[in-house]
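Read the structure below first, then the notes.
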Amino acid sequence: MTLLAVREQFVKYSGRYDLVVDPDTWADNGADWYITAGQKWLDSTYMIARSQATYFQDIGVGGWYAIIPSCRVVYKVWLSNITNVRWEVDRKSLRGLRQLYPGSLADVDPGVTRFYAPLHLRDVPEVLDTITVDSLGQTAYTVAGEIYSYNGILFAPPTSEALRIEIEGEFKQPPLIDDADVNWWSEEQPAILVMAACRQLEIAYRNTAGVTDWESSIKSELFGHELDLADSESTGISQMEG
């Protein structure tokens, strides 16, 4: 379903025809706010197979960070070079990485990149449309962007050749903005997306019972998808690591 179709169904489910301009064009008059909020709640609440994705980015010589859009959690990082050699990069805490490389990573001699650390991109005070990757002494390393939509990692040592980075993790579904937009929720589970929007509407009514009822229904509908994820992750595993 497109956003337009989801909006129509949401209005019919909720009976809130005032949230569209008219029932002929179904143009937005407030409905999209609840649909967007409902999707964000689904993305942050449920871990399903389609939450997992891989992000690819080309890194030039001397690269030492990556900015990742719509990323919630980083699971694994891989690098590959022009000869198609791929290797996994070991995860460290940000503290551990900075203990290994206490200065600026921009000043570290390039080499075979072996380590990465998740990076929290928010700094205080926030600077509009600016993402601070690192800052020490009198030097700040920034890139243009809106911090709320991104996650990031540092990696070291800096790359000695042009590489492609491959980041496995949990990602948000793309937002529905234009009438023709679609994403996994709207295409595969439009009823659940509509239900999540109705849940947000009940919050606006301050109807705790209504919120609970919608959450129970959504949980029931998504139970099978959560089992699919569990089965996928446990296939081939016969014993615990340790």
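Just so it is clear, none of the values below were taken in a lab; they were calculated from the coordinates. Note that the structure is a prediction, hence the values are computed from the model and not measured. Ideal geometry is used to build each Cβ from the backbone, glycine not excepted, and the neighbour counts take in all protein chains shown.
Quick look at the numbers
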quantity	calculated
Dipole magnitude of the chain, debye to nearest 20 (Cβ charges: Lys/Arg +1, Asp/Glu -1, about Cα centre)	760
Longest site-free stretch - the chain; sites: trypsin sites (Lys or Arg not before Pro), DSSP loop, at most 13 other Cβ within 10 Å	1-121
L94/A49 FRET efficiency (R0 35 Å; Cβ-Cβ; nearest 0.05)	0.75
Pairs of Lys in the chain closer than 28 Å at Cα, counting only those 8 or more apart or on different chains	10
FRET efficiency for V108 and T36, using Cβ-Cβ distance with R0 set to 45 Å, rounded to 0.05	0.60
Dipole magnitude of segment 61-161, debye to nearest 20 (Cβ charges: Lys/Arg +1, Asp/Glu -1, about Cα centre)	460
Length added when fully stretched, H120-S135, from 0.36 nm per residue minus Cα-Cα	4.1 nm
Amide hydrogen neighbours beyond the local backbone of G63, cut-off 5 Å, H modeled	T159
Proxy reagent accessibility, fewest Cβ within 10 Å first, across T159, T54	T54, T159
Proportion of all alpha-carbon pairs of the chain beyond 26 Å (%)	52
Kirkwood-based shape ratio for segment 61-161, expressed as Rg/Rh from alpha carbons	0.96
Ascending count of other beta-carbon atoms within 10 Å, so fewest first, for Y34, Y101	Y101, Y34
Under-5 Å amide H pairs with L119, H placed in peptide plane, nonlocal only	G152, I153, L154
Modelled label reach - E146, point 7 Å along Cα→Cβ, segment 29-61 residues with backbone N closer than 16 Å	33, 36-37, 40
